[in-house]
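Have a look at the structure below before the remarks.
The values are calculated or read from the model by the stated rules, or taken from the named source; none is laboratory data. Worth saying up front: this structure is predicted, and the values here are computed from it rather than measured. Heads up, the Cβs are rebuilt from the backbone with ideal geometry, glycines too, and the neighbour counts pull from every protein chain shown.
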């Protein structure tokens, strides 16, 4: 894994890290990339008291996150989207 991280550093123009980077420098580069690219999606049902309890217990769910609310789609809409996507991206044999 260390060599793969060094190769990524080289691709990004960090030749010094690729050629002479210490283990700690390589790990710092790796952690920086993880922090820049890690995205987590949580899906929770708004019904019942569970969501409210989680928000009270973990206020960062509201303060540090983007919330998207989705309502139920009708079956006709789901089928129409699925058919359109399948027409645009046919399955290969």
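Take the conditions in contact with a helix residue (DSSP H, G or I) (Cβ under 8 Å, 6 or more places away or on another chain), in a loop (DSSP other than H, G, I, E, B), over 30 Å from residue 4 (Cβ atoms) and without any contact (Cβ under 8 Å) to a residue 12 or more places away in the chain and apply them to residue 45. Does it pass? Working first, answer last.
Values: in contact with a helix residue (DSSP H, G or I) (Cβ under 8 Å, 6 or more places away or on another chain): yes; in a loop (DSSP other than H, G, I, E, B): yes; over 30 Å from residue 4 (Cβ atoms): yes; without any contact (Cβ under 8 Å) to a residue 12 or more places away in the chain: yes.
Answer is yes for this residue.
Could you go through the stretch 74-84 and let me know if any residue there is more than 30 Å from residue 1 (Cβ to Cβ) and part of a loop (DSSP other than H, G, I, E, B).
yes
Looking only at the stretch 22-42, filter to residues that are at pLDDT 90 or above and in a loop (DSSP other than H, G, I, E, B); which one of those is nearest to the chain's Cα centre (by Cα)?
38
Only residues that are touching a helix residue (DSSP H, G or I) at 6+ places or on another chain (Cβ under 8 Å) and surrounded by fewer than 17 Cβ atoms within 10 Å (Cβ to Cβ): list them for the stretch 16-26, please.
23, 25 - these are the residues of the stretch 16-26 that are touching a helix residue (DSSP H, G or I) at 6+ places or on another chain (Cβ under 8 Å) and surrounded by fewer than 17 Cβ atoms within 10 Å (Cβ to Cβ).
Are any residues in the stretch 61-89 loosely packed, with under 10 Cβ neighbours inside 10 Å and within 20 Å of residue 47 (Cα to Cα), and if so, which ones?
Of everything in the stretch 61-89, those that are loosely packed, with under 10 Cβ neighbours inside 10 Å and within 20 Å of residue 47 (Cα to Cα) turn out to be 66, 67, 68, 69, 70, 71, 72, 74.
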